[in-house]
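Data first, discussion second: the structure below is written as structure tokens.
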């Protein structure tokens, strides 16, 4: 009797370990990273190298083509790279970053009516008070923002407020060479189509419904196998 119970417990333990491995394998497929716009061919000061308060721009938008992204995802952080000799300080100000899905072409948005560019799902992603030296990679973690490129292009919208001091941080960019990849819209300076910051996105892929069905079927099969083994 005792031997039978121990064997059944061992079988259940083996099944549980197998289930655990399946879950870990599924989780290991998450947290992917892509960089849009690399390699950079220039550096841009907007929106992180701004002059003294009251004279700086306060709105920056960057539209990314849906083709830049591999599939549906939950964006959890974005980052910008500083590989330039201009390593001045970040501005002392508050940066609020939002994302939305937009249907117009990334090269046709308004450079003056920024609110008209926003998609209906516009959502605050992250808010940060910046100051201090410009880091080699400036990262904003937040969200997640659920984005599906099948529904349109991705628009990043940055509001800058509470400016206390200007900055001189220049980050990797494309200047006039990124048409079809991304375009910027701002009240800092000129330059829209084909201009913008090289951007790293960290995200969790959103499984296709068929993948979820297969995973649930596999877990159901494991549960059934465990019950059958307990019956012997």
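The values are calculated or read from the model by the stated rules, or taken from the named source; none is laboratory data. Quantities reported herein were computed from a predicted structural model and do not represent experimental measurements. Don't worry about glycine lacking a Cβ; one is built from the backbone with ideal geometry, like all the others, and counts go over all protein chains shown.
So, of the residues in the range 116-136 that are at pLDDT 95 or above and in a strand (DSSP E or B), which turns out to be surrounded by the most Cβ atoms within 10 Å (Cβ to Cβ)? Going through the qualifying residues, I end up with 125. Of the residues in the range 57-79, at least one is modelled with pLDDT under 90 and in a loop (DSSP other than H, G, I, E, B).
Per the listing 46, 32, 11, the residue uniquely closer than 27 Å to residue 188 by Cα and at pLDDT 50 or above is 46.
The one condition from (1) over 21 Å from the mean Cα position of the chain (by Cα); (2) part of a loop (DSSP other than H, G, I, E, B); (3) modelled with pLDDT of 90 or more that residue 162 does not meet is (2). Filtering the range 165-198 to residues that are outside any loop (DSSP other than H, G, I, E, B), touching a helix residue (DSSP H, G or I) at 6+ places or on another chain (Cβ under 9 Å) and surrounded by fewer than 24 Cβ atoms within 10 Å (Cβ to Cβ) leaves only 186.
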